[in-house]
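Here is the structure we will look at.
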Amino acid sequence: MPRILMERSGEMEIFARVVQEGGFSAAARSLDLTPSAVSRVIARLEERLGARLLMRTTRALSLTEEGETYFQAALNILQAISDADHAAAAGAVRGRLRVSASLPFGTMFVAPAVPGFLARHPDVIVDFSATDDIVDLLAQRTDVAIRVGDLTDSALIARKLGQSRRVVCASPAYLEQHGAPKTPGDLQGHNCLRFNFRRSRIGWPFRQDGRVLEQLVSGNLLVNNGETMRQMALAGVGVARLGLFHVAADIETGALTPLLEAYNPDDLETINAVYVGGGHVPYRVRAFIDHLVDTLASEPLLTGR
């Protein structure tokens, strides 16, 4: 029986690696096996289960319905084995930790926190990516993602890191040429910079007559990340709506001027660390999120004021 269980866990690990790496050859390289050995294991696994787990063509590999069910179960079992190993090693934090964060927040807050985390946990390899795209944690094998704004994926567990007020702003050069908007409706006559990703809202919220209303805006530039929008605003291209944490230094130096503050409806966005729930959460994920919470707890730019 022990030998059979050992074989099954090995099959699970190879199968999971094939799915995660997207193919037999890539999985074989990561496991230091030959592609033919990996292929034989998958064939034996499918024969034992009496079900096809993978659909293979010359160009792509995809999971069948049975394969998806088995993959999720295998991940839980392999994680339980990993956690048992960690528990036996006095809860040591080790392994590869894949982290994703938006460009501005990742640059300003997450990246500076990484050295301290690595100093405390030298056996962890941090694989850090900065992007404003919404990352599919399962598909892109990401352990932790830092998201700014509303969360729509109910399968994820979130832990709050802070919140930031958003501010409408423009450069003095732009305002000198085009004038400053006095009311939200005046924005219709201004070049408003917008985001081009799907989660961006159509209008900008303002409090008017006791209600929060969406003011439609338009302009000749759309960008896919906050840092590019900040640079365009600094260059005088138009009016931007950005997180205060991102432009507080520019406002302090006078490089950007806040606009329509009397109409700001406490336009807050929450910053969360999110991860996949279910089963056992790896110690390295828990340790990293704990480290971020502790590091950012005293950050004044994340209090929402």
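The values are calculated or read from the model by the stated rules, or taken from the named source; none is laboratory data. This is a predicted model, so every value here is computed, not measured. Ideal geometry is used to build each Cβ from the backbone, glycine not excepted, and the neighbour counts take in all protein chains shown. Heavy atoms of the whole protein, side chains included, go into the accessibility calculation; ligands, DNA and RNA do not. Shrake-Rupley method; radii C 1.70, N 1.55, O 1.52, S 1.80 Å.
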Q.
Quick test for you: out of ARG207, ARG211, ARG166, ARG194, pick the one residue that is more than 20 Å from ILE271 (Cβ to Cβ) and within 23 Å of the chain's Cα centre (by Cα).
A. ARG194
Q: Restricting attention to strands (runs of 3 or more DSSP E) lying wholly within the stretch 200-259, give those where 1 or more residues are open to solvent by 50 Å² or more (accessible area, probe 1.4 Å) and touching a residue at least 12 places away in the same chain (Cβ under 8 Å).
A: 203-208, 211-216, 257-259
Q: Filter the stretch 117-131 for residues that are assigned to a helix (DSSP H, G or I) and closer than 16 Å to ALA273 by Cβ and give the result.
A: PHE117
**Q.** Positions within the stretch 25-45 being in a helix (DSSP H, G or I), out of contact with any strand residue (DSSP E or B) (no Cβ under 8 Å at 6 or more places or on another chain) and farther than 19 Å from ARG96 by Cβ, in sequence order
**A.** SER25, PRO35, SER36, ALA37, VAL38, SER39, ARG40, VAL41, ALA43, ARG44, LEU45
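When you look at GLN188, is it part of a helix (DSSP H, G or I) and either closer than 18 Å to THR107 by Cα or more than 21 Å from the chain's Cα centre (by Cα) (or both), yes or no?
Here the answer is yes, as GLN188 does meet what is asked.
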Q: Mind listing whichever residues of the stretch 73-96 are assigned to a loop (DSSP other than H, G, I, E, B), modelled with pLDDT of 65 or more and open to solvent by 40 Å² or more (accessible area, probe 1.4 Å)?
A: ARG94
Q: Confirm whether VAL126 is open to solvent by less than 20 Å² (accessible area, probe 1.4 Å), of a type in the set (A, V, I, L, M) and touching a strand residue (DSSP E or B) at 6+ places or on another chain (Cβ under 7 Å).
A: no
